[in-house]
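Here is the structure we will look at, set down as structure tokens.
A short reminder: the numbers here are calculations on the coordinates, not readings from a lab. Bear in mind the structure is a predicted one, so any value in this text is a computation, not a measurement. Because the Cβ atoms are built from the backbone with ideal geometry, glycine has one as well, and the counts that use them run over all protein chains shown.
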Amino acid sequence: MKRPTRLYLARHGQVQGYDQFPVYGHTDVELTEVGLLQMEHLADRLRLAELHAIYSSDLKRTVTGARLVGRNHDVPLTALPQLREVYFGDWEGTSFREIRVNFPELLTRRETDLVSFEPPGGGESIGKLAERVMACFGEILEKHAEKNLLLVAHGAVNRVILCNALGLPLSRMFNLQQDYGCLNIIDYFPDRTLVRLVNG
């Protein structure tokens, strides 16, 4: 029996302005001191794990976390723009509170049609995010078959991967919690997928 491809899937640590419920998407922001500690804690948790490759999006909040974990592992870090958070268009850099006040009808449309709704200003739908992420992630899995991988990504990106692994529709992605600095573990066998940990 072939050994599985194991994915350690993490979310980046707490970000600057987190308490305002920010809509950052592709906006590049730094981690807070707490966020750095969360990634240090993750690095300690994975210190003895055998990793063969580390991936992240190319945004600072994920690259920083991936580098912190990677200090304990002599493996390459690859940062890819295809693994970025969903792009929010004109809503980038605002907060959900502001959107609720200024765009109540659009927010209602998003809540009733999460998968296909596109934010104004060229924003990305969850469906398009999933296509982008899973195309890239599929190539990563194929390249590292039967190896152990760390991916440090974003809340929506992680939920897309988890929905795929669990066989859940994307419309239920926000039924899955993804805290700052959390860890998920997924084993990919040739004939099945085993989700070992969610939001740990």
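From the list 98, 124, pick out the single residue that is of a type in the set (D, E, K, R) and in contact with a helix residue (DSSP H, G or I) (Cβ under 8 Å, 6 or more places away or on another chain). Break it down into steps so the answer makes sense when it comes.
On the way: 98 fails: in contact with a helix residue (DSSP H, G or I) (Cβ under 8 Å, 6 or more places away or on another chain).
Just a single option satisfies the conditions, and that option is 124.
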Task: Flag if residue 149 is under 15 Å from residue 193 (Cβ atoms) and crowded, with 22+ Cβ neighbours inside 10 Å - done: yes
TODO: Look through region 81-93, keep the residues that are surrounded by 20 or more Cβ atoms within 10 Å (Cβ to Cβ) and outside any loop (DSSP other than H, G, I, E, B), and return whichever of them is nearest to the chain's Cα centre (by Cα).
DONE: 83
Open item on the list: Residue pairs, Cβ under 6 Å, 6 or more apart or interchain, first in region 167-180 and surrounded by 12 or more Cβ atoms within 10 Å (Cβ to Cβ), second hydrophobic (A, V, I, L, M, F, W, C) and part of a helix (DSSP H, G or I). List them.
Closed with: 170/126; 170/130; 170/163; 173/163; 176/162
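Every residue in region 21-80 that is of a type in the set (A, V, I, L, M, F, W, C), part of a strand (DSSP E or B) and within 24 Å of residue 92 (Cβ to Cβ), please.
Step one: of region 21-80, the residues of a type in the set (A, V, I, L, M, F, W, C) are 21, 23, 29, 31, 34, 36-37, 39, 42-43, 46, 48-49, 51, 53-54, 59, 63, 66, 68-69, 75, 77, 79-80.
Filter once more, so that each one left must be part of a strand (DSSP E or B): 23, 31, 53-54, 77, 79-80.
Selection gives 23, 31, 79, 80.
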Task: Sole exception among (1) in contact with a strand residue (DSSP E or B) (Cβ under 8 Å, 6 or more places away or on another chain); (2) assigned to a loop (DSSP other than H, G, I, E, B); (3) farther than 20 Å from residue 8 by Cα for residue 99, by number - done: (2)
TODO: Mind listing just one residue for me: the one in region 158-183 that is within 11 Å of the chain's Cα centre (by Cα) and not in a loop (DSSP other than H, G, I, E, B) and, of those, nearest to residue 140 (Cα to Cα)?
DONE: 161
- [ ] Output the residue which, of all residues in region 102-118 that are under 17 Å from residue 175 (Cβ atoms) and free of Cβ contacts under 8 Å to residues at least 60 places away in the same chain, is surrounded by the fewest Cβ atoms within 10 Å (Cβ to Cβ).
- [x] 112
